[in-house]
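The values are calculated or read from the model by the stated rules, or taken from the named source; none is laboratory data. Computed from a predicted structure; not experimentally measured. Here the Cβ is made from the backbone with ideal geometry for all residues, glycine too, and neighbour counts use every protein chain on show.
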Amino acid sequence: MAYVALRRISPYSKCRAMESPKASRPSQVAESENQAKRKRPKKPGFLVQVRKILFRVVWAFGWRIGIVLFIILAISTGYFYSSLPDADDLVDGRTKGSITFFDRNGKIFSWWGEQFGGKLTVNTVSPHLINAIIAVEDKRFYRHLGISPRGIVGAIIINVREGRPPFVGHGGSTITQQVGKLLCFNNPYDSEKWSTPQDYEKSCRTNTLWRKVKEIPFALALELKYTKDEILMVYLNRSYLGAGATGFEAASQRYFGKRARSLNIGEAALLAGLLKAPSRYAPTRNLTISQERANLVVSLMEGQGYISPNAAQAAINRPAQLFPESTNKSGGHYVDWILQTAPGFLTYDTREDVEIQTTFDLSIQKALEEAIRKVFSTKIYQGSNVELAVVTMSREGAVLGMVGGKNFESSGLFNRAANANRQTGSLFKPIVFAAGMEAGLNFRDTYVDKPISVRLQNGQSWTPKNYKSEYFGTVTLTEALAKSLNSVAVQVLLAVGRDSVATIGRKLGLKSDLVSGPSLALGTSEATLLEMTGVYAGILSGGWGVIPYGIEEIRLQGDKDVLFSLKGKSGQRAFSGRTSRQLVYMLNQVIENGTGRRAKMENWQSAGKTGTTQSAKDAWFIGFTSNYITGVWMGYDDNTPLKNVTGGGLPAEIWRLAMEKIHEGLKPVPLL
């Protein structure tokens, strides 16, 4: 049996405890109570309790919503990631191809469509260009994951401060986000959804809240799918940089006439500066504004350590300059005509990059334009609606210059040189005389210039009249042509027959319907200036029909195989060399002694013919030297009669001014 020892408390010890001095002092007891109160926690106030409850509620919902958003972001990113092709397949996103036009000397003089220029990579461009792009567009490009919250918030603040909606104006997008817009979030062009490629591209670049939200998963997908250099490669090739140039290779060639790998600091900065607003900053539109923008880019490059202060100052002191051809505004009507002439599958409908070798001569084109400016500024009152057209070609029919209207610095407008059918007036008379000489007449044969009356098939009489109703009696065919006598021309037509005249006209290149009556001799049929200038080229070329042409060769960019050619196709023989030589002499007398005296050139033999239609609705002059043929037409589009203008007046003067400029520095060659 076990025993447990119990602690015993003696009565003495119990009394000692009760008599303790600490327990007997009231002040000590109060102090103990105060300490106990201080240690007891205070009951929280109402607002504190509300804040705690709200925090718990927000936290409870917040982390759950965060998880849901993260899942949505991950799914969206994965979806975009799975739909992205290889980076090389994204290089060229144009919906149509381009055309580069070369002049007769092999130099580029115009572009059409969206120029591409060829694939670029980070390693095939100037390092200055890469540095400039990153400096001005996204200095943290190689450090972020595709989005920059700080940049987006900063852009929103700037937009609001400037009085715009939050997402209109500055976007705060990284280069990766901009690539997303260029790719239209991998949404291909659909002609049924968008009426034009421009509408498609505009819709892809519009800044909205939903667009900004959509950019986030797409940018993350791009960063996961591609390397930084591949993202930058897409950016280099798909960015639009103004003047029809898509990609930095096309822009470099368009503005500087060089490859992108050869760009210096100033040129690279100018191109990078175009990214913000390509149309506004395009150097072909305003070079000064482009250079000012480039200086800002240079300063950013210096501030971020890409170039030294000395290099930056040198670039600012010597800003980028355009190469001469980039500012050329000449030849717009010529280009329009070429586009009409070439096969549609190689022009308007092409998705390839096409190169067209033409017969265009920029110096001749500028001579035509200079002559027009001079006459219109000194001889025609400002505000006049009178129009004109001018064409110059070689004796083989190569069209060297063309003006289709007085607004010759624009393109896409109505081309009066190639498309306006007008009555030819007395320009037609050499065809009538050619038929007469083929029938046995010669330039010395005489006719009596007098009033005549012709019985028409309907039984009525027709009486052609000379200009101002003047008649000169017995005249040679040469004098009749020099004075442009209507009665003699009609007599010759009646002698040889209308069909003989029409046949020669067809062989010389006239395509429109020719009237059936005797008024054919007076040029009541219609033709274009291009056709009639070709007729006179045929006269100069020994009677062989000349087919005007402007295309020598068409090929795909980088391909040596010729796809299409119109070079030097000759027409039929219209009349003999003997007749040709007589006509050249007779037309020379028009300028020497006849209605075309205002066209006479110094030191050069020339030949030509004036033409003024009924009621002076059209005024023509077409003439040639041994080298070139030029035709000029003036009139109103609505057929309003001209006032105090005949073919021997302003058209002849424009012809002379242009031809004298064209022949500057050339050794005179006899015509006869």
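Brief remarks follow.
- Looking only at region 250-262, residues that are within 15 Å of THR121 (Cβ to Cβ) and either assigned to a loop (DSSP other than H, G, I, E, B) or polar (S, T, N, Q) (or both) come to 2 in all.
Okay, residues lined up against (1) part of a helix (DSSP H, G or I); (2) modelled with pLDDT of 80 or more:
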position: ALA5; (1), (2): no, no
position: SER13; (1), (2): yes, no
position: ARG38; (1), (2): yes, no
position: PHE80; (1), (2): yes, yes
position: PRO85; (1), (2): no, yes
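- Residue count for region 503-524 under the criterion of being more than 42 Å from the chain's Cα centre (by Cα) and either on the phi > 0 side of the Ramachandran plot or not hydroxyl-bearing (Ser, Thr, Tyr) (or both): the result is 5.
- In region 278-286, the condition of being touching a Lys or Arg at 6+ places or on another chain (Cβ under 6 Å), crowded, with 19+ Cβ neighbours inside 10 Å and under 17 Å from ILE175 (Cβ atoms) is met by no residue.
- Residue identified as within 30 Å of LEU493 (Cβ to Cβ) and not assigned by TED's automatic domain parsing to the domain that holds LYS617 among LEU388, LEU400, LEU427: LEU388
- Across region 615-672, the qualifying residues are those that are within 19 Å of VAL584 (Cα to Cα), assigned to a strand (DSSP E or B) and among the aliphatic types (A, V, I, L, M), and the one among them that is nearest to the chain's Cα centre (by Cα) is VAL632.
- Residues being part of a helix (DSSP H, G or I) and not small (Gly, Ala, Ser) - total across region 313-367: 21
- Test set (1) crowded, with 24+ Cβ neighbours inside 10 Å; (2) touching a helix residue (DSSP H, G or I) at 6+ places or on another chain (Cβ under 6 Å) - GLY647 fails condition number: (2)
- Members of region 546-584 found to be among the polar types (S, T, N, Q) and either closer than 20 Å to GLY344 by Cβ or assigned to a loop (DSSP other than H, G, I, E, B) (or both), listed by number: GLN557, SER565, SER576
- Qualifying positions in region 510-533 - touching a residue at least 24 places away in the same chain (Cβ under 8 Å), over 13 Å from PHE428 (Cβ atoms) and outside any helix (DSSP H, G or I): GLY517, THR528
- Evaluation of GLY331 against (1) buried (at least 18 other Cβ atoms within 10 Å of the Cβ); (2) modelled with pLDDT of 95 or more (one fails), failing number: (2)
- Region 118-138, residues that are touching a Gly at 6+ places or on another chain (Cβ under 9 Å), under 14 Å from LEU296 (Cβ atoms) and not small (Gly, Ala, Ser): VAL136
- Test: residue in region 259-278 that is free of Cβ contacts under 8 Å to residues at least 24 places away in the same chain and among the hydrophobic types (A, V, I, L, M, F, W, C): yes
- One residue alone among LEU563, LEU587, LEU657 is hydrophobic (A, V, I, L, M, F, W, C) and not assigned by TED's automatic domain parsing to the domain that holds ALA489, and that residue is LEU563.
- Contacts under 6 angstrom Cβ, first residue in region 115-130 being closer than 17 Å to ILE175 by Cβ and of a type in the set (D, E, K, R), partner surrounded by fewer than 22 Cβ atoms within 10 Å (Cβ to Cβ) and modelled with pLDDT of 95 or more, 6 or more apart: none
- Residue in region 158-166 that is at pLDDT below 90, part of a helix (DSSP H, G or I) and within 25 Å of ASN295 (Cα to Cα) present: yes
- Residues that are among the hydrophobic types (A, V, I, L, M, F, W, C), touching a helix residue (DSSP H, G or I) at 6+ places or on another chain (Cβ under 7 Å) and assigned to a helix (DSSP H, G or I), drawn from region 368-393: LEU368, ALA371, ILE372, VAL375
- Of all residues making up region 441-488, the number that are among the polar types (S, T, N, Q), buried (at least 16 other Cβ atoms within 10 Å of the Cβ) and part of a loop (DSSP other than H, G, I, E, B): 2
- Counting only residues that are touching a strand residue (DSSP E or B) at 6+ places or on another chain (Cβ under 8 Å) and of a type in the set (Val, Ile, Thr), region 103-130 holds 1 of them.
- Selection within region 66-83 - surrounded by 11 or more Cβ atoms within 10 Å (Cβ to Cβ) and more than 43 Å from the chain's Cα centre (by Cα): ILE72
- Residue count for region 619-650, restricted to those that are among the hydrophobic types (A, V, I, L, M, F, W, C) and in contact with a Leu (Cβ under 8 Å, 6 or more places away or on another chain): 8.
- Matching residues in region 596-614 - criterion: being assigned to a loop (DSSP other than H, G, I, E, B), in contact with a Ser or Thr (Cβ under 9 Å, 6 or more places away or on another chain) and surrounded by fewer than 24 Cβ atoms within 10 Å (Cβ to Cβ): LYS600, MET601, TRP604, GLN605
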